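A short worksheet on the structure shown next.
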Amino acid sequence: MNNPWEQIKPPIKDVNALRVSAQHPLDFFWAKDHLGRYLFVYEYPSNSEVIINDPPDLVGIETISLPDIEDKSRLVFVLREKINWELFFALCSDLLNATISIENPKLASTTILHRLRRWQDFLKKTKLDILTEEKIKGLIGELLFLRDQLIPKFGGAESVKFWIGPQGTPQDFNVNECAIEVKCQLGGTIPSVKISSAEQLSSQLPKLYLFVVTLGKAERNNSAAVSLPCLIADIVSHLEKESSSLNYFEDQLMEVGYFKSDRYLEYNYLLLEEHVYSVTGNFPRICPDDLKNGVISLNYSIGISECLPYEIELEEWELIHA
């Protein structure tokens, strides 16, 4: 990931700025002030439908609304600590992507305010760092299911809307009348998966499936390896002409705490196996009705070997081949 601020020299006073793109319909600028701080500047018509006089407060980022100068208003973002530049770059890129199809610059402020409020929520709960390796593997498992199992059948725009786990639902995906919980394990370990609640393997939908992805660690230069950035790029390629679906997908990534960072390229895995199990009857699980009064939460592990009687061949799985 290239740092766009590195090519800008700090001025003796005021600000040095470089327009992001002449092809973008809005006027965005990478900039540095005389203190060498990283800035992102949005310049827009003062007669716009919405003037951003009171921008949302963002953790780690100062937001400044400048008054009308020569019929232009300006919104300036100042990064407080350079160590967080990748996160800052992710925010700036999100604003750029969200407005790339804007036809009337006077109407863009509403979209920008919406994205800033999403970032305000995200920055309040994130640790300004990348996900743990455990969460990276879990997210890779969910995105592999989305990319390889759903998109080929339902298309990108419809498939991403099936991904609801980041919103706090018990299962990761709801596909029509089916709920799917995706779990990820590393090859070479005891074949088991962790269940984080009594509700996770209990659904109100007619059918519930457990989809288990087995990964192996890989070197970065392995052409068969998958990483979060590459996997996300694959999915985004199916959504480029569907702005609402792309925004939804990016919102879901924010909900799980993901932002674009080259550090994720250090976590690479091989897809070793995928298996699907029908969660029904005496499937090894704990359901809400099994809990005694006073038990309000639990987590447990189930052995994959005990799930084998409930396995469905992927080629015959009605969810994908209906």
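The values are calculated or read from the model by the stated rules, or taken from the named source; none is laboratory data. The shown structure was predicted, so the numbers you read here are calculated from the model rather than taken from an experiment. FYI the Cβ positions are ideal-geometry reconstructions off the backbone, even for glycines, and counts take in every protein chain you see. Just the protein is used for accessible areas: all its heavy atoms, side chains included, with ligands, DNA and RNA removed. Shrake-Rupley method; radii C 1.70, N 1.55, O 1.52, S 1.80 Å.
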Within region 120-128, does at least one residue satisfy the condition of being of a type in the set (A, V, I, L, M) and either modelled with pLDDT of 95 or more or over 23 Å from K260 (Cβ atoms) (or both)? no
Give me a count of the residues in region 192-208 that are in contact with a Ser or Thr (Cβ under 8 Å, 6 or more places away or on another chain) and exposed (fewer than 15 other Cβ atoms within 10 Å of the Cβ). 2
For D234, which of the numbered conditions (1) at pLDDT below 95; (2) in a helix (DSSP H, G or I); (3) among the charged types (D, E, K, R) fails to hold? (1)
What residue, among those in region 1-21 that are outside any strand (DSSP E or B) and open to solvent by 80 Å² or more (accessible area, probe 1.4 Å), is nearest to V41 (Cα to Cα)? D14
Which residue out of K135, K153, K161 is open to solvent by 70 Å² or more (accessible area, probe 1.4 Å), modelled with pLDDT under 95 and either within 30 Å of I296 (Cβ to Cβ) or among the basic types (K, R) (or both)? K153
Restrict the check to region 284-297 and report whether at least one residue is part of a strand (DSSP E or B) and under 26 Å from L215 (Cβ atoms). no
(1) more than 30 Å from S237 (Cβ to Cβ); (2) open to solvent by 10 Å² or more (accessible area, probe 1.4 Å) all hold for H24 apart from (1)
Can you work out which of the residues in region 112-136 that are β-branched (V, I, T) and part of a helix (DSSP H, G or I) is farthest from C92 (Cα to Cα)? I136
I'd like to verify a number: residues in region 84-120 that are closer than 21 Å to V59 by Cβ, free of Cβ contacts under 8 Å to residues at least 24 places away in the same chain and open to solvent by 10 Å² or more (accessible area, probe 1.4 Å), how many? 1
Which condition number in (1) surrounded by 15 or more Cβ atoms within 10 Å (Cβ to Cβ); (2) under 21 Å from G165 (Cβ atoms); (3) of a type outside the set (D, E); (4) modelled with pLDDT under 95 is the one that C287 fails? (1)
How many residues does region 171-191 contain that are modelled with pLDDT under 95 and either over 24 Å from the mean Cα position of the chain (by Cα) or in a loop (DSSP other than H, G, I, E, B) (or both)? 7
Could you grab me the full set of residues in region 209-227 that are open to solvent by 40 Å² or more (accessible area, probe 1.4 Å), in contact with a strand residue (DSSP E or B) (Cβ under 8 Å, 6 or more places away or on another chain), over 16 Å from E133 (Cα atoms) and not small (G, A, S)? N222
Take the residues in region 73-86 that are touching a Lys or Arg at 6+ places or on another chain (Cβ under 9 Å) and not acidic (D, E), then tell me which one is nearest to E49 (Cα to Cα). V78
Checking M254 against (1) more than 26 Å from I136 (Cβ to Cβ); (2) open to solvent by less than 40 Å² (accessible area, probe 1.4 Å): exactly one of these is not met. Which one? (1)
Unmet requirement for L201, which otherwise passes all of (1) touching a helix residue (DSSP H, G or I) at 6+ places or on another chain (Cβ under 9 Å); (2) of a type in the set (A, V, I, L, M); (3) touching a residue at least 60 places away in the same chain (Cβ under 8 Å); (4) more than 27 Å from S244 (Cβ to Cβ): (1)
Kindly indicate the residue of region 27-53 that is in contact with a strand residue (DSSP E or B) (Cβ under 7 Å, 6 or more places away or on another chain) and open to solvent by 70 Å² or more (accessible area, probe 1.4 Å) and also modelled with the lowest pLDDT among those meeting that condition. N53
Take the residues in region 54-76 that are assigned to a strand (DSSP E or B) and open to solvent by less than 20 Å² (accessible area, probe 1.4 Å); name whichever of them is farthest from C92 (Cα to Cα). S73
Looking at E240, is it under 17 Å from C307 (Cβ atoms) and either open to solvent by less than 30 Å² (accessible area, probe 1.4 Å) or assigned to a loop (DSSP other than H, G, I, E, B) (or both)? no
